[in-house]
Each structure stands twice: as structure tokens, then as C-alpha cells.
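As C-alpha cells, the structure follows; a few thoughts come after it.
The values are calculated or read from the model by the stated rules, or taken from the named source; none is laboratory data. Computed from a predicted structure; not experimentally measured. Reconstructed Cβ throughout: ideal geometry from the backbone, glycine too, with neighbour counts over all protein chains shown. Heads up: the accessible areas ignore ligands, DNA and RNA and are worked out on the full protein's heavy atoms, side chains in. Shrake-Rupley method; radii C 1.70, N 1.55, O 1.52, S 1.80 Å.
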Amino acid sequence: MRSIRKLHLTAALASVAALLISTAAVAFPAASQAASRPAWPGGKQPTVALVRELCVGDFFTQWLAGAQTEAKDLGMKLTSYCANGDEAQMAADMQTAITLHANAIIVDHGRTQTMEPVIEQALKQHINVITFDLESSAPQVITIDQNDLKLGLDIADEMMNEMDGKAKVGYVYAAGFLPLDKRNAEWKDTQKFFPGMQQIATWGTVSTSTIAAVQNETVAALQAHPNMTAILAPYDAFAQGATNGVLQLHRTGVKVFGSDISTADIQTMVKSGSPWVATAATDPADVGRTAVRAAALRILGQYVPTYVEVEPTVITQDFLRSHHITTMAGLLKAMPAFGNSGMLRQPWMQALEH
Ligand code: SR1
């Protein structure tokens with residue numbers, strides 16, 4: 001089973017591999033870099049606008065904190081906008097950032113159809129554009145992601161192994177969000193190769209109250225499908241809602257497989273009787289810091305690869321419990337590399353970072 005799985009992994013990643021510039025290509029030789037920050041163009045403090053589709057929830061809070069810390073450390077002014085899921089508002093926020101002549105705009109989530117025209121406008125005004133979890137066909141745009149294909153494959157693989165290749169799976173999904181769509185592609189592939197992993201129900205909602213909505217939906221799905229043995233919920237708000245639903249119905253025979261991580265997620269996972277057994281995640285603060293580093297390098301006119309991926313890790317309930325980890329700080333202490341990918345970090349940045 002594992003060897004077939006490896007082939008599947010190779011096939012799934014082969015198409016993107018050609019497009020990616022490896023981590024090695026992103027590293028800059030330390031000896032050739034000055035330890036002090038290069039001068040900002042025009043001698044002025046640069047401004048960075050962070051234009052977000054979503055901002056409620058642990059993932060988005062941690063990501064913003066990372067971005068804010070990095071901007072402060074590097075000496076840039078960061079202004080963030082949140083559209084709370086309203087695409088038209090997100091495009092309007094981007095227009096505002098263009099009008100204010102931001103030196104760089106980081107576009108966080110959003111739909112390509114809505115955001116591409118405003119991205120084009122920004123590029124025409126010579127504003128640097130970095131996207132996170134949003135695809136753009138403009139060649140000047142830098143895209144940051146959490147390698148969501150791998151993340152989706154890793155958590156599906158973890159579920160397949162934990163369930164010994166046989167499960168009646170409830171799947172929590174909402175289409176149209178790039179990271180969820182990529183993770184979905186991997187779950188679809190997994191089912192092709194492992195017919196014992198059978199999806200019997202699907203549900204999911206993204207809103208400002210995702211956890212509560214998914215909890216209600218999970219309860220209804222579990223009642224309609226009493227034979228369900230696993231729930232794949234690859235977003236922490238989904239996994240939190242699914243966990244609450246399983247606990248509400250006292251379904252001890254159902255395991256939850258999620259994505260993302262936060263202190264609240266860790267505390268839910270380690271609780272006695274928790275069905276949430278594994279999650280595939282990056283440190284969101286690290287990803288936020290990486291996006292801001294990309295903006296800084298672009299403002300300085302320095303090379304940044306088109307795709308920058310912060311690699312995910314599978315974190316299990318067993319690992320957290322056996323290491324007595326109850327917070328993000330504890331996790332980062334136990335796994336220092338997890339919160340410190342170092343992507344795009346140059347020596348002069350390291351000297352300024354706290
Ligand atoms: C609604 S999209 C939610 C996802 O965006 C980020 O990529 C996080 O990993 C989260 O799972």
C-alpha cells in the first residue's frame with residue numbers, strides 16, 4: 001500500500017515541480033550579503049497593504065500577527081484591510097491601496113475572477129503584488145502558499161494509514177477557496193487509488209461563524225450516516241466544528257483529520273476523548289512573515305521566485321500528548337524548524353528580526 005502511495009505522491013507533485021523553484025534556489029549565500037538593510041528606494045519607509053478576504057479565526061489571526069511582526073522588524077508600514085468574505089469589498093480595498101500608492105500589496109485569498117483585474121491595475125501602477133492562496137496569471141506576481149497539494153495529500157495519507165485503508169468518510173469542503181480546492185484534488189486522487197476510503201457524505205460552510213455552522217452540519221451528517229468512521233476536515237475551523245459535532249453526539253467511533261494548527265486547536269486535540277487525531281499544518285505566523293519578506297525583497301528590486309512554498313507537517317494527537325504540548329509556543333519549542341522555515345530570509349533580515 002505504501003509503495004503505491006509513494007508513486008501517487010510522485011505523480012501528484014510532478015506537474016507542479018516543473019513550475020517551482022526549489023527552496024535551495026531561494027536561499028542566498030550568507031557570505032555575499034551585507035548584514036545591514038539595503039536602503040529603501042527614495043529613502044522613504046515603504047508601505048505595504050494587506051488585502052484580505054477572510055480574517056476571523058485562529059489561522060488568520062496568527063498569519064496577520066506574523067506579517068505585522070515582520071513588517072515592524074524590517075521597518076515597513078503595514079496596513080491591513082478585511083472584506084469578511086465580500087469579494088466586491090475586497091476589490092474595493094485593493095483599489096484603495098492602489099490609490100494610496102502602496103509600495104506593495106499582499107492579496108490574501110479572494111477569487112481570481114474578481115481580483116485579477118485589480119491586480120493588473122496595481123501592476124500598471126508599478127506596485128509590487130504578492131498573493132497568498134490566490135492564483136494570478138500575471139507573470140510579475142509572487143505567489144506564497146503552504147504547498148496545499150502536499151498538505152492535502154499528507155492528511156489524506158495519514159487518514160488512510162490510521163484507518164488501515166478502510167473508512168466511511170464524511171468530508172468537509174467548501175469549493176472556490178484555492179487551498180481547499182487543491183486539498184480536494186488530493187482527496188479525490190486518494191479515493192481513486194484506495195477504494196476502501198469511501199466518501200459517504202459531504203458538507204461545509206465558510207463564514208464568520210464557520211465552527212458553529214460546521215458543528216450543526218456535522219451533527220446532521222452523523223445522524224444521516226450512522227456508519228461514518230472518519231471525517232476529513234482540512235481547515236481548522238472545519239475540524240473544530242466537526243470535533244464539536246462528534247462530541248455532541250458522543251460518537252466515539254469517529255476520528256477527525258484536520259488542517260492548520262493554533263493553541264486552541266492543540267488544546268482541542270489533546271483533550272481526553274478528542275476525536276481530532278491529526279492535522280497537517282504550517283505555522284501561519286511563519287507564512288505571514290514570508291509574505292512580508294517577499295514584499296520587502298520586491299520593493300528593493302531583488303529576486304524572488306514566482307512560487308514560494310512553506311512546507312506543511314503532519315502533527316498527531318499522539319505526538320502532542322506524548323510531548324505534553326498544549327500551546328503553539330510549546331509546539332514551536334518541540335519542533336523549532338516548524339515555525340521557522342527561513343523562506344526568503346536574508347542575513348540583513350535575520351539581524352533585524354525578533
Ligand atoms: C477558507 S480557506 C481556509 C484555509 O486558508 C489557509 O490556507 C488555511 O490553511 C486554511 O485552512
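Results, tabulated for the structure shown:
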| read-out | value |
| --- | --- |
| Search result, residues across region 60-77 that are over 15 Å from residue 340 (Cβ atoms), open to solvent by less than 20 Å² (accessible area, probe 1.4 Å) and assigned to a helix (DSSP H, G or I) | 60, 63, 67, 71, 74 |
| In region 206-245, residue nearest to residue 156 (Cα to Cα) [restricted to those that are under 18 Å from the mean Cα position of the chain (by Cα) and surrounded by fewer than 18 Cβ atoms within 10 Å (Cβ to Cβ)] | 207 |
| Matching entry among 289, 345 (being within 24 Å of residue 79 (Cβ to Cβ) and not in a helix (DSSP H, G or I)) | 345 |
| Residue within region 326-343 that is under 18 Å from residue 130 (Cα atoms) and modelled with pLDDT of 95 or more present | yes |
| So residue 285, is it open to solvent by less than 10 Å² (accessible area, probe 1.4 Å), at pLDDT 95 or above and within 15 Å of the ligand (Cβ to nearest atom) | no |
| Meets criteria (on the phi > 0 side of the Ramachandran plot and not small (Gly, Ala, Ser)) for residue 265 | no |
| Members of region 208-237 that are within 16 Å of the ligand (Cβ to nearest atom), modelled with pLDDT of 95 or more and not in a helix (DSSP H, G or I) | 209, 231, 232, 233, 234, 235 |
| Yes/no for residue 123 being touching a residue at least 60 places away in the same chain (Cβ under 8 Å), within 21 Å of residue 305 (Cα to Cα) and part of a helix (DSSP H, G or I) | no |
| Candidates 329, 294, filtered to the one that is buried (at least 22 other Cβ atoms within 10 Å of the Cβ) and not β-branched (Val, Ile, Thr) | 294 |
| Meets criteria (free of Cβ contacts under 8 Å to residues at least 12 places away in the same chain and away from the ligand (no atom under 14 Å from the Cβ)) for residue 191 | yes |
